[in-house]
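Heads up: the structure comes next, in structure tokens.
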Amino acid sequence: MRKLALSDEILLNIEKPARYIGNEVNSVMKDPEKVDIRFALSFPDVLEIGMSHLGIQILYDLFNRRGDVWCERVYSPWIDLDKVLREQSIPLFTLESQDPVKNFDFLGITIQYEMCYTNILQILDLSQIPLHSADRTWEDPIVIGGGPCTYNPEPLAEFFDLFYIGEGETVYDELLDLYKSCRSSNYSRMEFLRKAAGIEGIYVPIFYEAEYHEDGTLKSFSPTEPGIPVTVKKQIVMDVTKALYPMKPVVPFIKATQDRVVLEIQRGCIRGCRFCQAGMLYRPTRERDVETLKEYARVMLKNTGHEEISLSSLSSSDYSELKELVNFLIEEFKDKSINISLPSLRIDAFSLDVMQQVQDIRKSSLTFAPEAGSQRMRNVINKGLTEEMILEGAGQAFEGGWSKVKLYFMLGLPTETEEDMKEIARLSDRIARRYYEIPKEERHGKCQITASTSFFVPKPFTPFQWSPMCTSEEYMHRASVVKHEFQEQLNRKSMKYNWHDAEVTVLEGVFARGDRRVGKVIEEAYRLGCLFDAWTETFCNEKWIQAFQNTGIDIAFYTTRERDLDELLPWDFIDIGVSKSFMKKEWERALEGVVTPNCKMQCSGCGAAQFGGGVCYEGKN
Amino acid sequence: MKVRIKFRKYGALRFIGHLDVMRFFQKAMRRADIPIAFTGGYSPHMIMSFANPLGIGLSSDGEYFDIELREYISSKDAVSRLNAAMVEGIEVVSFRQIAEEKKMTGMAIVAAADYRTTVKNEVFPENWQEKLTEFMAQPEIRIVKQTKRSENEVDIKPMIYRLEAGGDAVSMQVAAGSVQNLKPGLVMEAFCRFLGVEFEEGNFLHHRLEMYADMGQGGVRDLITLEELGCEMEMETA
């Protein structure tokens, strides 16, 4: 029987000990003597969050299919166990073998959102691995990062040995083989890193140097040695149907946020919303074959025992075989008491019909994401949604029996005026009015419209990457404008408006578009005790402000500053296949309020066609 | 058709709480393709009820839950399919048909449980075995039981059906269920006080051995294991 890393005494005195014992259904056990590479895969948050991430499940499966690799998982210990590990100097361990992470060959960390950055340092620190790549030796694991935040890896550059830019399915085998050959040939760690930099998609920060102008902007960013590539090219799987998919995902004991089978139906999005990073990063849109997905659904439900299945993609409604797939799922699994959950569906006759079959209409609410209140603003962000479409969808839903609607908006978008802010409340009211057009005897009491706003954060590799952000005070001011306008509306009693603090938004803004110098703020904040910054109960803005003061980093330089179109951006050395000139053109069209058609309507020449597949070539054989 | 499932829980699985064990079995039923019955409505759930959930940290050889079947399946087949869907630390022991009446569910009839409690070295004095006999010879054993709202003094002696030394461990049979329920930790706490030893939860490891229903009449206790109340379901012959 496995020996646990933690004693009974520790396990009985912490919250949710089940987070740390491993042994879950479909977790993989191997004999450590019979593998060449021990890989610790981490999501730097608690297990319930980390286990919900599809990417980790894909990589876990990808690595463990290799006979010479044992991949195990490690998550952030919650603050109660964090304290115990520090006090008793217990090194952080993986769930499967319960062995210390520091003895592994690799530590892979997926970086999904900016507010997990201090948790990355926690994982390294508790593992007793030096925080800086420069201080590590062959005694330490190779620390590699992946995921959406690595498209601007610079704030984290000093903490990682390698970054994998793009989809994991392509060059990991090559990297692992290289590692094995370097270890068996007794190459130095630096020599391994140098060779790894030669693999397409692998970024090795230690071989690059940044120089700055006097005003603090980037002057140059270049390799420090010959042979190190000037640009790092995004990795992408072109045939997603043939790409490997985990048929036996791990089923945790405690309820994960995503406690269901996840079917990834496509990658990428045709829409081209100008604020959306995912919409640009994952171009071109690539669909999975529907027959393959049907088979996956059957096998994965059987292998996990989950009682729910969910489709995953950006803008699911754009999947060309959606009807076929959804009808199959309903037919096949409804009698087996399997719930079908359909996120990110456009509200139309089809989706309403489907939802009527899978949900209790009286209890469930419909979600719209107009993102902006005014048509002008929606054109600026290229959200291809008109007010007529929204009211038409809401009207059909109300007539179909729904009375609860959730609306999602963003505040602080480029060029936003007070009029645009107020339109959020007015559009919500027009939706409520549409409800009360239904004769009283046919409707079910009052409607409930819940509008929520989040604050806009400009992201790298979007047309808005040059946009200034608001200050925290300005964001709050805008939220209060919206709030007051809601109170002016006819149907105010049927509407609720939610917003939240802007402090986290500002920090996200700094990290999203930060450069290498920002790393020291993260480290200082961690030293001051910042951890689990994505959790309201543990987030402490005062400590962050202190960290900025201690390090002399200016928040405004990264957030509210207007960037010149010719400025060298910290992430410009990464090539995502979508050109910078396309981004510039889109930024200019945004400022003019001109809409760009989606990829299925017309190609706008973004550059992603160079990958030779996906939506760029549909119907052009 | 109602069925009672007996299982063991040990090792790392001791740290999985009751609600998570329930979720584990709900998914295991699907993996093993057990023809379990569901409630109706928009969010149907499996008809499944647990007898006297085990606390976190405890291991057990005698855990039970009852389910409702919509189709026949033989005990042998069900046990082997379920065990193929288990993980190390949880094992299905039996799968038996039980009476249909509501009042016969495991939850309703459980009346007693056996525990074996192992004690860390040097927590007890050397003569603890004699002391245990003396402890049980007291006319009453009063302890302060804390509830959410208040604390009150109760005599736990009537709830201890048997208490004796079994080698290095303490062996006990105590009341369990919805009417009266005594946790083994509480018995050890009372015994520590009797010995004049400070009680620390971490010094004791409790292992549940079995659970019983009381089939006695007229106040005479007649304990029968929950398993014995069910009968094996044979393979169907063509």
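Values in this text are rule-based calculations from the coordinates and carry no lab data. This structure is a prediction, so every number in the text was calculated from the model and none was measured. Here the Cβ is made from the backbone with ideal geometry for all residues, glycine too, and neighbour counts use every protein chain on show.
The residue that is surrounded by the fewest Cβ atoms within 10 Å (Cβ to Cβ), among those in the stretch A:72-93 that are out of contact with any helix residue (DSSP H, G or I) (no Cβ under 6 Å at 6 or more places or on another chain) and among the polar types (S, T, N, Q), is A:Ser89. In the stretch B:69-83, the condition of being within 12 Å of chain A (Cβ to nearest Cβ), buried (at least 19 other Cβ atoms within 10 Å of the Cβ) and in contact (Cβ under 8 Å) with a residue 60 or more places away in the chain is met by at least one residue. Cβ-Cβ contacts under 6 Å between residues 6 or more apart (or on different chains), taken from a first residue in the stretch A:137-158 that is in a loop (DSSP other than H, G, I, E, B) to a second residue that is aromatic (Phe, Trp, Tyr), are listed as A:Pro141/A:Phe104; A:Pro141/A:Phe106; A:Asn152/A:Trp571; A:Pro153/A:Phe163. Among the conditions (1) in contact with an Asp or Glu (Cβ under 6 Å, 6 or more places away or on another chain); (2) surrounded by 17 or more Cβ atoms within 10 Å (Cβ to Cβ), B:Asp66 misses just one, which is (1).
With respect to A:Lys585, determine if the residue is of a type in the set (Lys, Arg) and in a helix (DSSP H, G or I). When the stated conditions are applied, A:Lys585 passes them.
Checking every residue in the stretch B:109-117 against the condition of being of a type in the set (Phe, Trp, Tyr) and in contact with a Phe, Trp or Tyr (Cβ under 6 Å, 6 or more places away or on another chain) gives zero matches.
B:Arg8 passes every criterion in (1) under 24 Å from the mean Cα position of the chain (by Cα); (2) in a helix (DSSP H, G or I) apart from (2).
Checked against the criteria, A:Ile254 counts as within 30 Å of B:Leu69 (Cβ to Cβ), within 14 Å of chain B (Cβ to nearest Cβ) and in a loop (DSSP other than H, G, I, E, B). Checking each residue of the stretch A:28-35 against the condition of being under 19 Å from A:Asp173 (Cα atoms), hydrophobic (A, V, I, L, M, F, W, C) and more than 14 Å from every other protein chain (Cβ to nearest Cβ) gives at least one match.
Residue count for the stretch B:7-32 satisfying the condition of being more than 8 Å from chain A (Cβ to nearest Cβ), among the charged types (D, E, K, R) and surrounded by fewer than 19 Cβ atoms within 10 Å (Cβ to Cβ): 1. Checking each residue of the stretch A:179-187 against the condition of being crowded, with 18+ Cβ neighbours inside 10 Å and not small (Gly, Ala, Ser) gives at least one match. Confirm whether A:Glu562 is under 17 Å from A:Lys459 (Cβ atoms) and either out of contact with any His (no Cβ under 9 Å at 6 or more places or on another chain) or surrounded by fewer than 18 Cβ atoms within 10 Å (Cβ to Cβ) (or both). Yes: the conditions hold for A:Glu562. Taken as a whole, the condition of being within 14 Å of another protein chain (Cβ to nearest Cβ) and aromatic (Phe, Trp, Tyr) applies to A:Tyr20.
Yes or no: B:Met159 touching a residue at least 12 places away in the same chain (Cβ under 8 Å) and farther than 19 Å from B:Tyr212 by Cα? When the stated conditions are applied, B:Met159 does not pass them.
Taken together, the residues in the stretch A:243-278 that are small (Gly, Ala, Ser), surrounded by fewer than 24 Cβ atoms within 10 Å (Cβ to Cβ) and within 18 Å of A:Glu167 (Cβ to Cβ) amount to 2. Residues in the stretch A:298-324 that are closer than 27 Å to A:Asn26 by Cα, part of a helix (DSSP H, G or I) and touching a Phe, Trp or Tyr at 6+ places or on another chain (Cβ under 8 Å): A:Leu301 only.
The set of residues from the stretch A:299-324 being over 17 Å from A:Val354 (Cβ atoms) and crowded, with 17+ Cβ neighbours inside 10 Å comprises A:Met300, A:Leu301, A:Asn303, A:Thr304, A:Gly305, A:His306, A:Glu307, A:Leu314.
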